[in-house]
Structures are given as C-alpha cells and as structure tokens.
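Note sheet for the following structure.
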Amino acid sequence: MGRRIVVKFGGALITKKDEQCVAHTEIIRNLCSVVKSITEQGIQVIIVHGAGSFGHLKAKRWRLNEGYIPEFEFSDDTCTSQLEAVEHVRKDMLKLNAIVLSELKQVGLNALSHPPHEWASNLGPGFLGNLDRFQSDDVGVVHVSFGDVVDVDEDRQFGILSGDDIVARLSIELPDIESLVFAMGGVDGLLKVPPHVATEKDLIERWSPEVSYQGLHQADIDVTGGIGLKIKRGHLVARNGVSVHLINGEYPTRILDLVCDRPWRGTTILP
Ligand code: IPE
C-alpha cells in the first residue's frame, strides 16, 4: 500500500452557509484540482465533505439532531413529519455530493461515492458501518463520503452523523493513512483570538490541549459541533499516530505543499 491521506472539505468552505443549498462551485473546483495534483504524487486521497447550507438549516428547523420527537408540531406545509424532513435533507446532501463528484470527474479522477445513510448508523466516533468499502490501493480512485442523516437505534430513530466522525474512523481504522487534513473556510487554521479580529500573527501553528484557542461556533445554525468537534476528533486521530492539520481551503495548494514537505501555512494538532 502506498501513501494515503484523508481530507475533510468543511461545509462552511464549500457552501454559502446562510443561503440554503448554494454551493461554492469555484472553491470545490480548486480543491478537486489540488486533489488531482496530490494523486499525481502517488498519494491516494479519501474525501469527506460537510453539509453547510445543504444540511444544517433544514436539520435545525426540523430538529433532526435531536432524533424523533413524537410531540413535535409542524407549523408549515413544506414538510408534514420529521421523517419527511429526513428524506429532504438526505436528498439535499446527495445534490451537494453530486457537485463534488462531478468536479472530481472533471479533473479525471474516478470518484466513488459512499452516502452514509446507506451503510452507516448511530452517532459519534463509535458509529457503526463497515469501512471496507473505502479500501483500494488505486491512486486514481477517490472515495467520497459526507456528513448525513443516518438511522439511529431505538427511540431516537435518526440523527446527524458529522463528517468529522467519519474522518476520525477512516484515519484511525484504515491502514496506512499518513495525514488527516481539515480544509476550512475563512481561517488559516486555529486562531488565538476570534476570527474577525485576528491578524497574521494570531495563527496557532502547533496546537496541544494546553493551548487556548478561539473559534466561531454558530450554534444557532450548526447542528454538529463546529470547530470544537474538529479539535476533539483531530486530537483523537493524532493520538493514534496520524498527523492532523487544519488548513485554509480557499488556498488549497497549501495541502499540496504539506504532503510534498514544503513550507505551508496552517495548524498541526499535536498528539
Ligand atoms: C453535517 O455534517 C451533516 C448534516 C447537517 C446533514 P458535518 O458536521 O460534517 O458538516 P459541516 O462541515 O459542519 O457543514
């Protein structure tokens, strides 16, 4: 088996976060072209993308992150039950996934999609689902998955499985993963101060639990964990011997620089 990395395309990077179901196609295109360049170095890439405005807005509105709520009342007619809303969000996520797949195919990669609602269940880093489908040592094959609404045991019935949990399991359980990269929108990595007041000097280049950071978690629109979840899962992965990095996905060549051992800008999560 040759070199392999896992890259998470953050939802806030690849979509307009507050405009329902609008993708940043240009950013996705640039990311995919860098993925192609990475594969040309003989490194296989596995991609997991987030949801952004294709997932969080409806999931929040229909409280899908809380699971099935028997007494939940529907106040408009776009949807008559939470189960219907689950189907809406799954469909929207497939639309975003189709955009990512088409950009990967455009650059000549053989992209294979693995929608979590078809193979995964339950939540958190211990979610269930066989990862064998992500195995293959052909660098031209790019496996793609994403944060999704999945089935959950018992009364809860369904819930939101974050792409951050998927990348954690992939990085830890698949053989020979050398790095996990979180490609984020609007920031160069973890910052010492809130993003809107940060300057060049406020980037944390190496993070370990004793270093404090500031990040924006829009709990009002975000149904998963925001930056805090990335750090938690990233740290778990780093403790398992995989190198973990946060990089500004608006400058995707930084990911190429990282894997080619050239200087790059971003944050490394230490074990
Ligand atoms: C969320 O997945 C999935 C849904 C809301 C359906 P992520 O947690 O991976 O998404 P982002 O990166 O925060 O958008």
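The values are calculated or read from the model by the stated rules, or taken from the named source; none is laboratory data. Fair warning: this is a prediction, and the values are worked out from it, not measured in the lab. Backbone-built Cβ (ideal geometry, glycine too); neighbour counts: all protein chains shown.
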For region 69-84, state whether one or more residues are closer than 30 Å to K36 by Cβ and either surrounded by fewer than 22 Cβ atoms within 10 Å (Cβ to Cβ) or among the charged types (D, E, K, R) (or both).
-> no
Within region 5-50, how many residues are of a type outside the set (V, I, T), more than 25 Å from S136 (Cα to Cα), outside any helix (DSSP H, G or I) and touching a strand residue (DSSP E or B) at 6+ places or on another chain (Cβ under 7 Å)?
-> 2
Answer from S113, S121, S102, S136 - the residue that is surrounded by fewer than 21 Cβ atoms within 10 Å (Cβ to Cβ), of a type in the set (S, T, N, Q) and at pLDDT below 95 = S136
List the number of the failed condition for A59; all other conditions in (1) farther than 29 Å from S179 by Cα; (2) under 17 Å from the mean Cα position of the chain (by Cα); (3) of a type in the set (A, V, I, L, M, F, W, C); (4) surrounded by fewer than 23 Cβ atoms within 10 Å (Cβ to Cβ) hold.
-> (4)
Consider only pairs whose beta carbons are under 7 Å apart and that are at least six residues apart or on different chains; among these, list those whose first residue lies in region 60-76 and is in contact (Cβ under 8 Å) with a residue 40 or more places away in the chain and whose second residue is more than 13 Å from the ligand (Cβ to nearest atom) and not in a loop (DSSP other than H, G, I, E, B).
-> L64/Q82; G67/R156; Y68/Q82; Y68/D155; Y68/R156
Any idea which of R239, R233 is more than 21 Å from R3 (Cα to Cα) and modelled with pLDDT of 95 or more?
-> R233
Mind checking whether some residue in region 69-81 is at pLDDT 95 or above and part of a helix (DSSP H, G or I)?
-> no
Can you tell me which residue among V100, V193, V187 is among the aliphatic types (A, V, I, L, M), within 22 Å of G266 (Cβ to Cβ) and touching an Asp or Glu at 6+ places or on another chain (Cβ under 8 Å)?
-> V193
Residue pairs meeting the criteria (Cβ under 6 Å; at least 6 apart or on separate chains; first over 23 Å from C260 (Cβ atoms), in region 176-198; second charged (D, E, K, R) and surrounded by fewer than 20 Cβ atoms within 10 Å (Cβ to Cβ)) | L191/D202; K192/D202; V193/D202
